[in-house]
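The values are calculated or read from the model by the stated rules, or taken from the named source; none is laboratory data. Because the structure is a prediction, the values reported are computed rather than measured. Cβ atoms come from the backbone with ideal geometry, glycine included; neighbour counts cover every protein chain shown.
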Amino acid sequence: MLSTKDYKGILDLIKIIHDTSDRALMFNEFCEELHKLVPIGSAAYAPSDSQKTGFEFPGALIFNAPIRPLYLFTQYYAPLHPYYRSVACEGVSGYLNRVTNLTDVIPSRRLKDSEYGTDFQPMAGVFYESCVMLGSQGDLLGTMGFHRAKGDCDFSCREKQIIKHLLPHLAHSFHFLGLTQGRFPSTENGELVLAEDGQPLSMNDEAERILAGRPPSALPLSHDDASPAFFSTTTGIYRVRSLNHHPKQMQRTVFLAPWPPRHIIDAKLRTLTLTRRQHEIVLLVVRGLSNRDIAERLFVTEQTVKDHLHDVFERFGIKRRTELLSRVLKLGPEDAES
């Protein structure tokens, strides 16, 4: 179905995706080049929020469109979008890294009569949409849409196939840039760079603490579009993300993020009505840090850490760290979903 010219264009697009280190610049250049193969009136990307309850406006990207409709989409119209209603009803997995026309989930005649079709689309100047939920290594990254006006035609099977070939590369790039541009603070997360033979070229203090003398080969290396990978130690569980710097390079960066995510632990600690300092210390206890490590992290004395933990133990009638961990890490159904 695709021609030699199509495949050449796809290769040019893949080069743009992986050779541009700025996400906004990459998205703009990508859309300009894509337009030569798949004519689009506009395009947009909205990142998934950290708790996966919607889309965030900060970090959103647009091509050939005003910013206001995208803001209104993330704040109000996303739940009214027929495509995202289908995603919410049927589950993300069936739509992940898959190209779906808006008319695949709702006929044009019904779209015109929907609240989304009568309210948002005319304001945004779009009608035909090709939609994607981007994901990588168990992370839902966000949603991407390519748009055409009402007077144009819908996206064809050929055009959807071209976009489909590009999705693994887009997901990899957005994931890697999100990880390396400060989304996961290095003070809480381990990070190490591995050479082609698996030997570490560099690692931060947290990665060194987590590995505790074990070789990097002990880490499970996750793959794009696969389920999340985890690494267990005697002091904690860590989510593993591993990404090539470039598809043609064997050098990999591995990220180790504490599990459960911080927003889940913070929410549980807030129910215990701790003081601010007690909250900080108990969070680091849950992360597996020793009293000395906690003192160094918070710039206090080790005795101060012991005093705060003594007060917490006294308050809840417990004697050991394991009892504290059991109380905090007792997960409910909402945590498993997260």
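How many residues, within region 25-75, are over 30 Å from G9 (Cα atoms) and of a type in the set (K, R)?
2
Return a yes/no flag: does region 253-268 have any residue that is in a strand (DSSP E or B), of a type in the set (G, A, S) and modelled with pLDDT under 90. So that I can check it myself, show each step before the final result.
Here is the first cut: in region 253-268, the ones in a strand (DSSP E or B) are 253-259.
Narrowing the set further to residues that are of a type in the set (G, A, S) leaves 257.
Filter once more, keeping what is modelled with pLDDT under 90: 257.
Yes, some residue in region 253-268 is in a strand (DSSP E or B), of a type in the set (G, A, S) and modelled with pLDDT under 90.
I'm trying to understand the selection: among the residues of region 93-115, which are touching a Gly at 6+ places or on another chain (Cβ under 8 Å) and over 19 Å from Y77 (Cβ atoms)?
Within region 93-115, L96, N97 meet the criteria.
Would you be able to say whether some residue in region 198-205 is at pLDDT 85 or above, in contact with an Asp or Glu (Cβ under 6 Å, 6 or more places away or on another chain), within 28 Å of P168 (Cα to Cα) and crowded, with 16+ Cβ neighbours inside 10 Å?
No, there is no match, as no residue in region 198-205 is at pLDDT 85 or above, in contact with an Asp or Glu (Cβ under 6 Å, 6 or more places away or on another chain), within 28 Å of P168 (Cα to Cα) and crowded, with 16+ Cβ neighbours inside 10 Å.
Looking only at region 16-61, how many residues end up being farther than 27 Å from D154 by Cβ and charged (D, E, K, R)?
The number of residues fulfilling the criteria is 6.
Quick check on region 291-318: of everything there that is assigned to a helix (DSSP H, G or I) and among the β-branched types (V, I, T), which residue is surrounded by the most Cβ atoms within 10 Å (Cβ to Cβ)? Break it down stepwise before answering.
Here is the first cut: in region 291-318, the residues assigned to a helix (DSSP H, G or I) are 291-298, 302-316.
Those still in the list that are among the β-branched types (V, I, T) too: 294, 304-305, 312.
Numbers: I294: 23, T304: 16, V305: 25, V312: 20.
Across region 291-318, the extreme among qualifying residues is V305.
Only residues in region 80-99 that are among the aliphatic types (A, V, I, L, M) count as the first member; pair them with residues that are assigned to a strand (DSSP E or B), Cβ under 7 angstrom, at least 6 apart or cross-chain, and list the lot.
These pairs meet every condition: V87/M133; V92/M133; V92/L140; L96/M133; L96/G135; V99/S130; V99/V132.
Among the numbered criteria (1) at pLDDT below 90; (2) of a type in the set (A, V, I, L, M, F, W, C); (3) surrounded by 15 or more Cβ atoms within 10 Å (Cβ to Cβ), which single criterion is violated by A195?
Tallying (1) at pLDDT below 90; (2) of a type in the set (A, V, I, L, M, F, W, C); (3) surrounded by 15 or more Cβ atoms within 10 Å (Cβ to Cβ), A195 fails exactly one: (3).
Within the set of pairs 6 or more residues apart or between chains, which connect a residue that is on the phi > 0 side of the Ramachandran plot inside region 19-44 to a residue that is surrounded by fewer than 18 Cβ atoms within 10 Å (Cβ to Cβ) with Cβ atoms less than 8 Å apart?
Listed pairs, sorted by first residue: none to list.
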